[in-house]
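Here is the structure we will look at, set down as structure tokens.
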Amino acid sequence: MESREDTSLPARSVEVARALAEAGIRGRVRELTDSTRTAAEAAAALGCEVGAIANSLVFVSDGEPVLVLTSGRHKVDTAALAARWGRGPLRRATPEEVRGATGQVIGGVAPVGHPRALPTVVDTALYDYPQVWAAAGTPRTVFPTSADELLRLTGGVLLPVGP
Ligand code: 5CA
């Protein structure tokens, strides 16, 4: 894996790195030469299992944007998740809604570094991987983390999200 660390990161990733540092998280943001836009691409670039990629998916529920940090090995069962989470129906955010809620573009949405914190769910499946990777604000940046750290970082709730 070819990558460089914190020096001269893109502005969106500097925001993410700052949020990680404020939370006392040790994993560093890296910018890869290969795309990490999707879970499959990120897994290939990092040489890890696709399930160890934490996708940061924005949905709209009850009129507000929410974030679902899901293992890349499965899709979100939106009806089951809404019921477990005690929320109204979840629909995928549009690209414009994603940008508005996170300040980041699809393919680079991070768990943090947003203008305002979003209500967040962390997928229990991420506990199957001792190390997971999440996007860091752009489609070429990632940071190493864990399910525990993601919960702490986002103040989220832990729920199964898969089918
Ligand atoms: N960088 C990787 C993780 S390291 C990443 O961001 N993966 S992701 O899954 O969170 O982001 C890609 C996701 O964006 C895809 O799962 C896809 O469902 C979603 N997406 C792609 N196009 C659109 C779109 N037009 N509207 C809403 N969501 C979209």
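The values are calculated or read from the model by the stated rules, or taken from the named source; none is laboratory data. Everything quoted here is computed from the prediction, not taken from an experiment. Glycine gets a Cβ as well: all are built from the backbone with ideal geometry, and neighbour counts include every protein chain shown. Calculation scope for accessible area: heavy atoms of the full protein, side chains included, ligands and nucleic acids excluded. Shrake-Rupley method; radii C 1.70, N 1.55, O 1.52, S 1.80 Å.
Determine the gain in length on full extension of the stretch Gln131-Glu97; use 0.36 nm per residue of separation and subtract their C-alpha separation, reporting nm with one decimal. Please list the in-between numbers first.
On the way: separation 34, 0.36 × 34 = 12.24 nm, distance 2.97 nm.
So the chain would gain 9.3 nm between Gln131 and Glu97.
Can you say what percent of the DSSP beta bridges in the chain, counting only those with both residues inside, are antiparallel? Round to 5. Please list the in-between numbers first.
Working: 18 of 26 bridges.
Taking every DSSP beta bridge within the chain, about 70 percent pair in antiparallel fashion.
Determine the gain in length on full extension of the stretch Thr33-Arg87; use 0.36 nm per residue of separation and subtract their C-alpha separation, reporting nm with one decimal.
Gain on extension, Thr33 to Arg87, equals 15.5 nm.
So which trypsin sites (Lys or Arg not before Pro) in segment 23-68 pass both tests, a DSSP loop state and at most 11 other Cβ atoms within 10 Å of the Cβ? If you can, show how the numbers build up before the last one.
Numbers: sites: Arg26, Arg28, Arg30, Arg37; in loops: Arg26, Arg28, Arg37.
Listed in order of number, the matching sites are Arg26.
So what's the back-of-envelope 222 nm ellipticity for the chain, counting only DSSP H runs of four-plus at -39500 (n - 2.57) apiece and dividing by all residues, rounded to 500? The partial results should precede the final answer.
Working: 5 runs with 44 residues, N = 163.
Rounded to the nearest 500, it is -7500 deg cm²/dmol.
In sequence order, what are the phi-derived ³J(HN,Hα) couplings for segment 150-163 according to the Karplus relation 6.51 cos²θ - 1.76 cosθ + 1.60 with θ = phi - 60°, rounded to whole Hz, with x for glycine and proline?
5, 4, 5, 4, 9, x, x, 10, 9, 8, x, 10, x, x
Over the chain, what percent of the accessible surface lies on carbon and sulfur atoms, probe 1.4 Å?
Working: 3860 of 7650 Å².
Its accessible area is 50 percent carbon and sulfur atoms.
If you build a Gaussian network model of the chain, linking Cα atoms that sit under 10 Å apart, which residue out of Ala11, Ala135, Ala54 swings the most?
Its mean-square fluctuation being the largest, the pick is Ala11.
Can you tell which of Val142, Val76, Val29 shows the greatest fluctuation in a Gaussian network model of the chain with Cα springs below 10 Å?
Per the Cα network of the chain with a 10 Å cutoff, Val76 tops the list.
Treating the beta-carbon of each Lys and Arg as +1 and of each Asp and Glu as -1, no other charges, what is the dipole magnitude of segment 56-163 about its Cα centre, to the nearest 20 debye? Mind dumping the intermediate values first?
Details: 10 positive and 9 negative charges, 31 e Å.
I would put it at about 160 debye.
Using the Karplus curve 6.51 cos²θ - 1.76 cosθ + 1.60 with θ = phi - 60°, what ³J(HN,Hα) values do you get for each residue of segment 104-111, in whole Hz, with x for Gly and Pro?
10, 9, 3, x, x, 5, 9, x
At 1.306 mPa s and 10 °C, plugging the Kirkwood radius over alpha-carbon pairs of segment 3-149 into Stokes-Einstein gives what diffusion coefficient in µm²/s? Walk me through the intermediate numbers first.
Values: Rh = 15.2 Å.
Estimated diffusion coefficient is 105 µm²/s.
Kindly state, to the nearest 0.05, the FRET efficiency for Ala79 paired with Ala44, given R0 = 30 Å and r defined as their beta-carbon distance.
Working: r = 31 Å, r/R0 = 1.04.
Result of the calculation: an efficiency of 0.45.
Where does segment 101-163 land on Rg/Rh, using Cα atoms and the Kirkwood Rh? If you can, show how the numbers build up before the last one.
On the way: Rg = 11.6 Å, Rh = 12.2 Å.
We get a ratio of 0.95 for segment 101-163.
Before anything else, pin down the relative contact order of segment 1-122: Cα pairs under 8 Å, at least 6 apart, normalised by residue count, whole percent. Walk me through the intermediate numbers first.
Working: 177 pairs, mean separation 28.3, N = 122.
Normalised by residue count, the contact order of segment 1-122 is 23 percent.
Karplus couplings for segment 88-96 from phi (6.51 cos²θ - 1.76 cosθ + 1.60, θ = phi - 60°), rounded to Hz, Gly and Pro as x?
Per-residue couplings from phi come out as x, x, 9, 10, 4, 5, 6, x, 5 Hz.
Could you do me a favour and compute the accessible area per residue for the chain, 1.4 Å probe, result in Å²?
Values: 7650 Å² over 163 residues.
Value for the chain: 47 Å² per residue.
Just Ser13, Ser71, Ser61 to compare: in a GNM of the chain, with alpha carbon springs under 10 Å, which one fluctuates most?
Between Ser13, Ser71, Ser61, it is Ser61 that shows the largest mean-square fluctuation.
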